[in-house]
Amino acid sequence: MDHSQESNVFLQEIEHLRQEIQRHNKLYYVDDQPQISDAEYDRLMRRLQELESLHPDLITPDSPTQRVGAAPLEKFGTVTHSIPMLSLANAMDEEELREFDHRIKRTLGTEAEIEYVFEPKIDGLAVEVVYENGMLVMGSTRGDGITGENVTQNLKTISSIPLRLLTSDPETRQSIVLPRKIEVRGEVYMDKTDFLTLNQERELTGEPLFANPRNSAAGSLRQLDPSVTAKRPLKAFFYAIGAVEGVNFDTHWNMLAYFRTLGLRTNPLNKICQGIEQVLEQYQHLNETKDSLPYEIDGTVVKVNSRHLQEELGTISRSPRWAIAFKFPAKQETTKILDILVQVGRTGALTPVAVLEPINIRGVQVSRATLHNQDEIDRKDIRIGDTVVVQRAGDVIPEVVNIVESGRTGAEKIFVMPTRCPVCQGEVIRPDGEAVHRCTNPNCPAKQIGHLEHFVSKRAMNIEGVSTKQIESFVNNGLIRDAADFYFLKKEQLLPLERMADKSADNVMQAIAQSKHPTLSRFVYALGIRHVGEHTASMLANYFGSLDRLKIASEEELTAIYEIGPEVAKSVSQYFSDPGTAKLLQKFFDGGVEIVNPEGVAARQHLTGKSFVLTGTLPSYTRDEAKDLIEKAGGRVVSSVSKKTDYVVAGRDPGSKLAKAQQLGVNILNEEEFQQLLQA
DNA sequence: ATCCCTCGAGGTCA
DNA sequence: CTCGAGGGAT
């Protein structure tokens, strides 16, 4: 037999082994019906490894042996999700869940029971995996929902995430329609027993222990060396979709079924429910049985099943309107309030914080909890020395639920907000009608530091590697008084500071230099004007297009802008009419800051104040593109038609919104008319 | 009355 | 990263 024939035989066996392994993966992970023992499975894997090592040229990247192939990374790259990974609204109790159901019926204008899909909410971390022509090409963490970290190499080591989607059913041999591209979303998690075993090993080796399975999974996925991740027993369930080309689903339930045919694991406890009462029954049942599950769940997720209705319901800025997280009650513990501290934020707000006797709540040491303001303290009658019930809201943020009356000894001290700022001794006032107390000293160091922290923060000027500690040190050493001073720093000035070696100083200088060309909206946000957060900053930037126009805007002109009311207008106009602001801005420019407008010249704002509703598919634009164009022109896109809607843009297969528009006599545009309007 | 944005807060991990 | 109170806008 000549060489090529010989390698052909190998190729056949290799191919056969790979298919078998893929088939058993599906049986094991997706169908939960293994047909062979783990030992037999291992034998298949070893045989494949053996053959591949004899013929390295036959190794393909999607071979099951290639789960760990990559070298450690320096750091993770960032990935922008093509469709943002939204978070979910929360229902805290039954009533709120029923409210969710009512709202949906009201929005859809129906009395009929809604069909829901009920899913356990796994306590892990959300990821997105992208398959192109069936091959895993990218995997990322959810991050802030807009951008996440590129953890492709690590996700590839997780055996319940297929490297290649199935192209035919391993049992029936029927072929499966593969989407050209599909972004699937799911949860990576660690089983409770695996978490315990891992911690036992770590204890033996003297490594720090993980607090809970969730942190353990998160820590494992964020390893720079994929060979470490590969040793961690991670698993995944899939439950949602991002961008997809080439397939369509009528229901969420059918989409999950399709996931399984592709070899993507879905949770076997997912249920379909007719109406909200059935959802509640499932919830009760799961709440009673959850402790016997191999993994931790922190609640359930309820989704409208029909994809068509989902679209009609739409999404609001942070979450879809057609899904809600229904969490289990948080674990509560009792502890003592040792003291109440007062912190001062960048706006001068005084926030009381309870210092607690440290207590472990679901694996996490809790030692502080915000008390929000004096009203909150009075309402709950919280005193220093009280015994209190503490929980982590949403299983994250520590919160004092209430006091334990019977724990009172009479020695408790009543807390009163100080009349002088604890940082600068400045006068403290409580503005009429507001719940917060504020320090009035404009030069209060707490405000100054807070402003500078805000200025350098990721979403503002994004000056990386400048920490709170460093800012404090810069300020205390007189290097920096205002934000513009960053752009006059010299490396030599940094070197004498503590913890500032040559390399760190270089990094700081470089990070500052890199921040010199912000977009207008980032820059406006970074200024830290009261009531101007990211959203409002971007509204202002879009509307005015340049700082020169923004800074001369009158209060009246500002108020006329949609979403800008009297308070915000006053705050903005006061900020820019302050002579100190003019000086500060000039100082920024002298220091080399130059605002860039990524879209070039700001678009004309001829659609200002007009509201649009999009329905159906436009041939030339995606939803997001259309939305962008409208917003750039000053218009806004809303999700439901009312008589205040100015235009409904209708594409192919329009939804019920078109009918409503006709009924209300709202202007209806097709794509051509829409384009004309944009150019008009 | 309701929806949404701003702002401030705590803990873990690399 | 995530939550929730409070306030602003409609």
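The values are calculated or read from the model by the stated rules, or taken from the named source; none is laboratory data. Remember, it's a predicted structure, so these values are computed and weren't measured experimentally. Cβ: placed from backbone, ideal geometry, glycine included. Neighbour counts: every protein chain shown. Note: areas computed on protein heavy atoms with side chains; ligands, DNA, RNA excluded. Shrake-Rupley method; radii C 1.70, N 1.55, O 1.52, S 1.80 Å.
Out of the residues in the stretch A:347-362 meeting the condition of being surrounded by 15 or more Cβ atoms within 10 Å (Cβ to Cβ) and within 30 Å of residue A:196 (Cα to Cα), tell me which one is modelled with the highest pLDDT.
Result: A:356.
Search the stretch A:96-117 for residues that are small (Gly, Ala, Ser) and pair each with any residue that is assigned to a helix (DSSP H, G or I) when their beta-carbon atoms are under 9 Å apart and the residues are at least 6 apart or on different chains.
Final answer for the pair search is A:109/A:656; A:109/A:660; A:112/A:105.
Could you pull out the residue among A:344, A:389 that is away from DNA strand C (no atom under 14 Å from the Cβ) and touching a Cys at 6+ places or on another chain (Cβ under 9 Å)?
A:344
Could you list, in sequence order, all residues of the stretch A:494-505 that are in a helix (DSSP H, G or I) and touching a Phe, Trp or Tyr at 6+ places or on another chain (Cβ under 9 Å)?
Listed by number, the list holds a single entry, A:494.
Determine whether the stretch A:31-43 contains at least one residue that is of a type outside the set (D, E, K, R) and touching a residue at least 24 places away in the same chain (Cβ under 8 Å).
There is no residue in the stretch A:31-43 that is of a type outside the set (D, E, K, R) and touching a residue at least 24 places away in the same chain (Cβ under 8 Å).
Got at least one residue in the stretch A:145-156 being in contact with a Pro (Cβ under 7 Å, 6 or more places away or on another chain) and over 18 Å from residue A:229 (Cα atoms)?
So far as the stretch A:145-156 goes, yes, one or more of its residues are in contact with a Pro (Cβ under 7 Å, 6 or more places away or on another chain) and over 18 Å from residue A:229 (Cα atoms).
Report yes if some residue within the stretch A:35-42 is more than 29 Å from the chain's Cα centre (by Cα), away from DNA strand C (no atom under 16 Å from the Cβ), charged (D, E, K, R) and open to solvent by less than 70 Å² (accessible area, probe 1.4 Å); otherwise report no.
Within the stretch A:35-42, none of the residues are more than 29 Å from the chain's Cα centre (by Cα), away from DNA strand C (no atom under 16 Å from the Cβ), charged (D, E, K, R) and open to solvent by less than 70 Å² (accessible area, probe 1.4 Å).
How about the stretch A:283-333: which of its residues are assigned to a helix (DSSP H, G or I) and farther than 18 Å from residue A:108 by Cβ?
A:283, A:284, A:285, A:286, A:287, A:288, A:289, A:290, A:291, A:292 - these are the residues of the stretch A:283-333 that are assigned to a helix (DSSP H, G or I) and farther than 18 Å from residue A:108 by Cβ.
Which count do you get for residues in the stretch A:272-295 that are touching a strand residue (DSSP E or B) at 6+ places or on another chain (Cβ under 7 Å), surrounded by fewer than 19 Cβ atoms within 10 Å (Cβ to Cβ) and under 22 Å from residue A:30 (Cα atoms)?
Result for the stretch A:272-295: 2.
What is the one condition in (1) under 28 Å from residue A:328 (Cα atoms); (2) among the charged types (D, E, K, R); (3) more than 13 Å from DNA strand C (Cβ to nearest atom); (4) open to solvent by 40 Å² or more (accessible area, probe 1.4 Å) that residue A:380 does not satisfy?
All conditions are met except number (3).
State whether the residues of the stretch A:240-248 include one that is over 17 Å from residue A:323 (Cα atoms), within 16 Å of DNA strand C (Cβ to nearest atom), in contact (Cβ under 8 Å) with a residue 40 or more places away in the chain and not in a loop (DSSP other than H, G, I, E, B).
No.
Residue under question is residue A:77, and the condition is that it be in contact with a strand residue (DSSP E or B) (Cβ under 7 Å, 6 or more places away or on another chain), within 16 Å of DNA strand B (Cβ to nearest atom), among the small types (Gly, Ala, Ser) and open to solvent by less than 70 Å² (accessible area, probe 1.4 Å); does it hold?
For residue A:77, the condition - in contact with a strand residue (DSSP E or B) (Cβ under 7 Å, 6 or more places away or on another chain), within 16 Å of DNA strand B (Cβ to nearest atom), among the small types (Gly, Ala, Ser) and open to solvent by less than 70 Å² (accessible area, probe 1.4 Å) - is met.
Please enumerate the residues belonging to the stretch A:426-439 that are part of a loop (DSSP other than H, G, I, E, B) and exposed (fewer than 13 other Cβ atoms within 10 Å of the Cβ).
A:431, A:432, A:433, A:434, A:435
Is there a residue being under 34 Å from the mean Cα position of the chain (by Cα) and either within 14 Å of DNA strand B (Cβ to nearest atom) or at pLDDT 95 or above (or both) anywhere in the stretch A:542-555?
Checked the stretch A:542-555: at least one residue is under 34 Å from the mean Cα position of the chain (by Cα) and either within 14 Å of DNA strand B (Cβ to nearest atom) or at pLDDT 95 or above (or both).
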